[in-house]
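Read through the structure below, which is laid out as structure tokens, and then see the notes.
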Amino acid sequence: MKTFPQVALALLLAGTVASAQAGIKASAVHIGGISTVTPAPALVRLDAAGATTLSFTLPGAGKKILTFSAVCSVDAPTGDSLSWADLDIIVNGVVVAPTVGSDDAFCSANGTTGKNDFVRASITTPIQGLAGSNTIQIMARGNYQAAGIYLAYIALVVFD
């Protein structure tokens, strides 16, 4: 006969195994630098091969969690600490909240000329996955007086 602690441990381990199987659904990593010379919108390269779309398949529709992080810097004129880099996260062709529009800063200028105030910025948001094929793209742009933006050491992860 099993004791209560043995039963509790068995249930805990069973839950841990189920959680481990759920895990990561898709990921991309790019350690190279990505620079834009203008604030014009551009798709972010997600891997060393230059892919701008992460494609993955899900067995069923449902909510997933997406996390995107990157080292980020904004090149703006001296004295400008108002310019910013904006990202749109595009899932299956639709920009997802809270990244809709151009007023959500991923990182911002620090008042000195050039890309020199590097920060590790990150955003985590729920997304709706579809049964079958899914795609993710990240669109970056500079705003206000941004002369350019810099993104590097990128990590994109989709998980349960």
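Please treat every number below as a calculation from the coordinates, not as lab data. Keep in mind that this is a model prediction, so the values were computed, not measured. Note that each Cβ is placed from the backbone with ideal geometry, even for glycine, and that neighbours are counted across all protein chains shown.
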Mind checking which residues of the stretch 108-160 are over 20 Å from I89 (Cα atoms) and part of a strand (DSSP E or B)? T113
Pick from the stretch 82-107, criterion in a strand (DSSP E or B) and of a type in the set (G, A, S), ranking: farthest from K63 (Cα to Cα): A85
What residue, of V71, V96, V91, V100, is farther than 12 Å from I138 by Cβ, in contact (Cβ under 8 Å) with a residue 12 or more places away in the chain and under 13 Å from the mean Cα position of the chain (by Cα)? V71
Do we have N110 as in contact with a strand residue (DSSP E or B) (Cβ under 6 Å, 6 or more places away or on another chain) and among the polar types (S, T, N, Q) here? no
Considering only the stretch 124-137, state which residues are surrounded by 14 or more Cβ atoms within 10 Å (Cβ to Cβ) and either of a type in the set (A, V, I, L, M, F, W, C) or farther than 22 Å from T67 by Cβ (or both). I127, L130, I136
Please state which one of A70, A121, A140 is closer than 23 Å to I31 by Cβ, surrounded by 17 or more Cβ atoms within 10 Å (Cβ to Cβ), in contact with a Lys or Arg (Cβ under 8 Å, 6 or more places away or on another chain) and not β-branched (V, I, T). A70
